[in-house]
Amino acid sequence: VEIMVWAIQNYSNFDYDVTSFTVARNKVDGMRANFVLDRRLNTREFLRELAFQSRCAIWLNDNKFFLQFLPEEPVAVDTITESDIEVDSLTLSSIDTEKLVTKFVALWKSNGDQAEPNKVILRYNVEKYGIHEEEYDFFIYNQYDFVAKAAEFWMIRKANSYKILRCRLFINKLKLEAFDPVSFDLEAGLIANSAVTGIVQKAIYD
C-alpha cells in the first residue's frame with residue numbers, strides 16, 4: 001500500500017482515500033512486497049497489478065483512488081427489495097463457464113538473478129468445468145508463502161461462476177456506485193433462498 005501511495009503521489013495528478021488505504025494496509029502488512037520493476041507500466045496499470053497481487057481492488061472515483069481488501073466479507077451499505085426495482089427490468093445471468101480458470105499457474109522469483117521463474121500450480125473445480133489454464137506473474141513477491149496465499153485466493157474466485165443481476169432502480173438508490181456491497185432481499189428462490197450480499201460492478205445513471 002505504501003508503494004501505491006508513492007506511485008500516486010509521484011506519477012499521477014490524483015489523490016487517494018486515506019481511510020480505505022489505511023484499512024487495506026493493515027490487512028496486507030504481513031505480506032510485504034519486495035521487487036524491482038524491470039518493465040515500463042503506466043501508473044494505473046501498475047496500481048492494478050499491485051492491487052491484484054495483494055488481493056485488493058483499486059478504483060478511481062472523483063479524482064481519488066480507493067482501495068479495498070477483498071478476502072473479507074463486506075458489510076452491506078444498503079438493501080434492495082422488489083419495491084426498489086422497476087417492473088420487468090430485472091434479469092439474472094451468470095459468468096460464462098468457458099471464461100473460468102480451473103488451473104492457475106503462479107510465476108515468481110526469489111531474486112532478480114533467477115533465469116527461470118518458480119511455479120505454484122493450483123487446480124480447482126477441474127472435474128466440474130474441465131481444464132481452463134491461466135498463467136500470471138506475481139512479480140511483487142519473492143517468498144513462496146506469499147505467492148501461494150495470493151494465488152489460492154484468486155484460484156477460488158476464478159474457478160467459480162457467479163450470478164449477475166441487472167436491473168433498473170429508482171432515484172432512492174441513486175447513491176449506489178461501483179464496488180458498493182448491497183444486500184439483495186428479494187422473494188425467496190428468485191436469486192437465493194435468503195438475503196444475500198452482492199457487489200455493484202457497474203452503476204449507470206439515466
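The values are calculated or read from the model by the stated rules, or taken from the named source; none is laboratory data. Computed from a predicted model, the values in this text were never measured in an experiment. Cβ: placed from backbone, ideal geometry, glycine included. Neighbour counts: every protein chain shown. Calculation scope for accessible area: heavy atoms of the full protein, side chains included, ligands and nucleic acids excluded. Shrake-Rupley method; radii C 1.70, N 1.55, O 1.52, S 1.80 Å.
Yes/no per residue for (1) among the polar types (S, T, N, Q); (2) open to solvent by 80 Å² or more (accessible area, probe 1.4 Å); (3) under 30 Å from residue 27 (Cα atoms); (4) assigned to a strand (DSSP E or B):
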{"position": "141", "(1), (2), (3), (4)": "no, no, yes, no"}
{"position": "145", "(1), (2), (3), (4)": "no, yes, yes, no"}
{"position": "152", "(1), (2), (3), (4)": "no, yes, yes, no"}
{"position": "157", "(1), (2), (3), (4)": "no, yes, yes, no"}
{"position": "164", "(1), (2), (3), (4)": "no, no, yes, yes"}
{"position": "206", "(1), (2), (3), (4)": "no, yes, no, no"}
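If you check 129, 124, which single one turns out to be on the phi < 0 side of the Ramachandran plot and touching a Leu at 6+ places or on another chain (Cβ under 6 Å)?
Exactly one residue qualifies, and that residue is 129.
Check 102, 97 and return the single one that is within 19 Å of the chain's Cα centre (by Cα), over 30 Å from residue 7 (Cβ atoms), open to solvent by less than 40 Å² (accessible area, probe 1.4 Å) and not small (Gly, Ala, Ser). Full working, then the answer.
Numbers: 97 fails: open to solvent by less than 40 Å² (accessible area, probe 1.4 Å).
When all the criteria are applied, what remains is 102.
Of all residues in the stretch 101-122, which are outside any loop (DSSP other than H, G, I, E, B) and in contact (Cβ under 8 Å) with a residue 24 or more places away in the chain?
Listed by number, the residues that qualify are 103, 104, 105, 106, 107, 108, 118, 120, 122.
Just give me the residues in the stretch 77-94 being open to solvent by 40 Å² or more (accessible area, probe 1.4 Å), closer than 16 Å to residue 172 by Cα and among the hydrophobic types (A, V, I, L, M, F, W, C), in sequence order.
Of everything in the stretch 77-94, those that are open to solvent by 40 Å² or more (accessible area, probe 1.4 Å), closer than 16 Å to residue 172 by Cα and among the hydrophobic types (A, V, I, L, M, F, W, C) turn out to be 77, 87.
Test residue 39 against the criterion of being open to solvent by 70 Å² or more (accessible area, probe 1.4 Å), of a type outside the set (A, V, I, L, M, F, W, C) and closer than 20 Å to residue 136 by Cβ, and give yes or no.
Values: open to solvent by 70 Å² or more (accessible area, probe 1.4 Å): yes; of a type outside the set (A, V, I, L, M, F, W, C): yes; closer than 20 Å to residue 136 by Cβ: yes.
In short, yes.
Give the number of residues within the stretch 1-31 that are in contact with a helix residue (DSSP H, G or I) (Cβ under 8 Å, 6 or more places away or on another chain) and charged (D, E, K, R).
3
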